[in-house]
Amino acid sequence: MFSGSDAPLRGHGGRLRLPGAALALLLVVSMAAVALLSQGETARAVGTEVKVTTHSQFGDILTDAAGRTLYLFKNDRRMESNCSGGCLTAWPPLLTDEPPVAGDGVNQGRLGTIERDDGSLHVVYNGFPLYYWQNDAAAGDTLGQDRGGVWFVVNPYGSSVHTSAKIQLGSDATFGDIITDESGRVLYLWKRDEKDKSNCNGGCALAWPPLLTTDAPSLSGGLADDRLGTITRDDGSTQVTYNGLPLYYFFRDTGPGDTAGQEVGRTWYVVSTHGAAIHTVAPLNLAESSEFGTILADRSGRILYLFDPDDPGVSNCNGGCALNWPPFLTSRSPIDIGGVDTGLLGTTVRADGHTQVTYNGFPLYYFFNDVGPGDTNGQTVGGVWWVLDANGNKIDAPTSSTTAERAVTAGSGGAVRSHDGRVAVTVPGGAVSEDGSVRLAPVNTPSSDIGLNSVRVASGVVEMAVLDGSGGVVSGRLGSPAQVCVTYSGADADGSTRGALGLRVLQFNSGGGGYWVTLNTQVDLLRGQVCAQTAAQGALALGQSTR
């Protein structure tokens, strides 16, 4: 019961009536509350909404339902706010009374809350607490960006968008020197990416938020300026790369220095100063190359190389060399996952302190210009870089010409299709080796004659023979280096076979080794001739390519 002046005044219909002074006081209090909310000191709502809004400078970023910009704090840890006291005055938390709601572009499963010391529920996205900046007066303002180098607007993946992202060296007790961002958060590479291309989108990018920037990135301390770059992602955002490899965070890393993402799915790795993966346990595998046969690779199929100037068990590739040829690194003893000889596996400690895998005594490397698995762009570079066979020996020559379709079998002959799938050629019986590669039987050429490979293309049928200058088939041996020419004639008049077939290699065996001369494989098949000078003597064999 109310009594005296404490009782409210009610009119007809039970409506509440207040004296003039009380009404004025209530109005003042209400206006003060609105002003307080407008300054961002509180942002409490039932089922607070978080949505994606496109900003003119930073692209897609997180905002509240009214379009006010939200931020994350690099000094926070996953599911933990380290902003309190005066920090909260400047950076009011995004609060909610009920589970937050995903607006446009936001993944509902990544929205959550943490309980603050005062019992309020603070909204988090992908593990990061979200805040306002007190001086943002209107929707779209981003005055809090880059404050103190620790406050950033938030991308739809739940990580920071940097104005100018910075990478640096971090030191890890297990992996040695690795690449981190400026706050010490560890960065990763993905083995399923290609050089200068990210293949991690959608849910992948929520688990592995890309390192994004709007302006040119920067670096410090032992990293190479000329290897720092950016790519444009499928969503239009700009991702930082190092040595051609896109860089990412891992959403389960709690704070700076955490490496919970290492070897997740056996495809995610911390990044060395050379811009390559550091394996916990390096996996050595075998890959099949149409050109070189069985060669060494890692688990993902990326090809490994040896360096002629290395000493047994010692790497002599450092500095800029190691950026072009990132060493195959491990923190523990390497393992075989594909039939390699475990007795040939070993390691060596590099001059930079990293542990590099060796095979048959040779330190192993990647080539930074190999775009993806199976690429062998590093073969013969400088005359000192080579792929290795299963026995740990360098392969300085292709094992055969380009592999034909497996339907073509030894002795039977059959059809082989060109690289673009347009031209099928008929291979005579006996011209195909047991492994399915197209190859003519070895023939011998006397030293006094020039070996000619005359190719006739007519109605998709190819006839090949090794001839002397008068048109007769020759035999004998090359007693000295000689010039060997390839001629093309009789192609279809409409030019449909242009560039579809070419001579891949000429092999000159001498003793147990081999030497290959590569001829132009992009010749005009309508007419023309290409020649190569041999550099060794021995028996002559020709291989047909369908590149």
* Roughly how many whole Å is it from the C-alpha centroid of the stretch 166-191 to that of the stretch 312-387? -> 21
* Charge dipole of the stretch 281-395 about the Cα centre (unit charges at C-beta), most positive-ward option of G378, F307, S331 -> S331
* Hey, what's the Cα Rg ratio for the stretch 49-153 versus the globular rule of thumb, 2.2 N^0.38 Å? -> 0.98
* Scaled to the compact-protein estimate 2.2 N^0.38 Å, what is the alpha-carbon radius of gyration of the stretch 183-333, rounded to two decimal places? -> 1.09
* **For the stretch 263-373: rounded, prolate or oblate by the Cα gyration tensor [a/c cutoff 1.5]** => rounded
* Structure fact -> Once D117 and N369 are pulled to full extension, the length gained, defined as 0.36 nm per residue separation minus their Cα-Cα distance, is 85.5 nm
* Mind ordering 69-75, 154-160, 306-312 by average Cβ neighbours within 10 Å, highest first? -> 154-160, 69-75, 306-312
* **Cross-link table K74/K191; K51/K191; K51/K195, entries beyond 30 Å C-alpha to C-alpha** => K51/K191; K51/K195
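The numbers here are math on the coordinates, done by the rules we state, and not lab data. Since the model is a prediction, treat every value here as computed from it, not as a measurement. As a convention, Cβ positions derive from the backbone with ideal geometry for all residues, glycine included, and neighbour counts pool all protein chains shown.
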